[in-house]
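Here is the structure we will look at.
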Amino acid sequence: MLVSLSKRLNGISLRINRITMAFACLFLVLMVAMICLQVIARYGFASPPAWTEEMARYAMVWVGLLGASASFHENFDPSLAKIPETFPRWLRLATALVRAIAVLVFLTPVLWYCFFGPGANFTRGFLSRNTTMVAETISMPLIFVAISVPIFIVVTLFHGLARTFSTLAELPIQTDLNDKSTPHETD
């Protein structure tokens with residue numbers, strides 16, 4: 001049962017990562033296009049539109065957060081030590097538990113304050129405040145940028161859950177949809 005659940009979680013995690021990477025690439029292209037447009041307008045016409053800098057900055061926020069969740073999925077995130085597969089199972093389980101707790105301790109409060117402000121007041125939460133704010137040079141509500149934070153957190157938490165179950169079930173972390181020996185297969 002644990003192996004089957006782990007395989008399903010890893011398959012979902014991989015598909016979420018693929019979607020995340022597609023959007024990160026889209027925002028990266030948008031960011032580079034905005035920067036190129038601004039450079040051409042600045043040095044070619046001496047008149048850069050102000051909105052290009054703002055759009056590039058917002059695209060960079062999305063690229064950074066989506067890229068960070070993809071990095072976590074691919075196990076490229078920083079760690080103090082990599083535990084080899086040859087180490088005892090109890091040590092690998094202990095490190096997986098410590099890692100899961102660390103991710104929860106770091107991300108859960110941030111996710112909480114995305115929705116709730118002081119006194120658990122929803123209207124003072126990060127997202128709620130950004131629904132009424134508008135970008136300076138373009139008439140776009142900043143909620144479209146702010147929503148990247150809870151998306152990053154939820155995706156990263158899911159990847160962490162899948163990774164923890166993989167460790168518990170002693171399965172490799174799946175990083176490729178075409179690899180038939182990885183956990184996304186059904187029993």
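What the table shows:
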quantity: Residue pairs meeting the criteria (Cβ under 7 Å; at least 6 apart or on separate chains; first without any contact (Cβ under 8 Å) to a residue 24 or more places away in the chain, in the range 97-119; second assigned to a helix (DSSP H, G or I)); calculated: Tyr113/Phe126; Phe116/Phe122; Gly117/Arg124; Pro118/Arg124
quantity: Members of the range 42-70 found to be under 22 Å from the mean Cα position of the chain (by Cα) and hydrophobic (A, V, I, L, M, F, W, C), listed by number; calculated: Met55, Ala56, Ala59, Met60, Val61, Trp62, Val63, Leu65, Leu66, Ala68, Ala70
quantity: Qualifying residue in the range 153-160 (condition: surrounded by fewer than 17 Cβ atoms within 10 Å (Cβ to Cβ), at negative phi, outside any helix (DSSP H, G or I) and at pLDDT 90 or above); calculated: no
quantity: Residue in the range 89-105 that is at positive phi and under 22 Å from the mean Cα position of the chain (by Cα) present; calculated: no
quantity: Which listed residue is more than 16 Å from the chain's Cα centre (by Cα), part of a helix (DSSP H, G or I), of a type outside the set (Ser, Thr, Tyr) and farther than 17 Å from Val154 by Cα, from Leu26, Leu30, Leu9; calculated: Leu30
quantity: So Phe106, is it in a helix (DSSP H, G or I), within 30 Å of Pro141 (Cβ to Cβ), in contact with a Phe, Trp or Tyr (Cβ under 6 Å, 6 or more places away or on another chain) and open to solvent by 40 Å² or more (accessible area, probe 1.4 Å); calculated: no
quantity: Residues (in contact with a helix residue (DSSP H, G or I) (Cβ under 9 Å, 6 or more places away or on another chain) and open to solvent by less than 40 Å² (accessible area, probe 1.4 Å)) located in the range 69-91; calculated: Ser69, Ala70, Phe72, His73, Asp77
quantity: Subset of the range 26-66 [farther than 16 Å from Ala135 by Cβ and open to solvent by 80 Å² or more (accessible area, probe 1.4 Å)]; calculated: Leu26, Val29, Ile40, Arg42, Tyr43, Phe45, Ala46
quantity: Residues located in the range 62-96, provided they are small (Gly, Ala, Ser) and either within 30 Å of Val29 (Cβ to Cβ) or in contact with a strand residue (DSSP E or B) (Cβ under 9 Å, 6 or more places away or on another chain) (or both); calculated: Gly64, Gly67, Ala68, Ser69, Ala70, Ser71
quantity: Residues of the range 43-87 classified as out of contact with any His (no Cβ under 8 Å at 6 or more places or on another chain), in a helix (DSSP H, G or I) and not hydroxyl-bearing (Ser, Thr, Tyr), total; calculated: 20
quantity: Qualifying positions in the range 3-24 - polar (S, T, N, Q) and either crowded, with 22+ Cβ neighbours inside 10 Å or touching a helix residue (DSSP H, G or I) at 6+ places or on another chain (Cβ under 6 Å) (or both); calculated: Ser6, Asn10, Ser13, Asn17, Thr20
quantity: Matching residues in the range 111-152 - criterion: being of a type in the set (A, V, I, L, M) and part of a loop (DSSP other than H, G, I, E, B); calculated: Met133, Ala135, Ile138, Met140, Leu142, Ile147
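The values are calculated or read from the model by the stated rules, or taken from the named source; none is laboratory data. All figures in this text were calculated on a predicted structure; none of them were measured in a lab. For neighbour counting, all protein chains shown are included, and Cβ atoms are generated from backbone atoms with ideal geometry for every residue, glycine included. Ligands, DNA and RNA are excluded from the accessible area calculation, which covers all protein heavy atoms including side chains. Shrake-Rupley method; radii C 1.70, N 1.55, O 1.52, S 1.80 Å.
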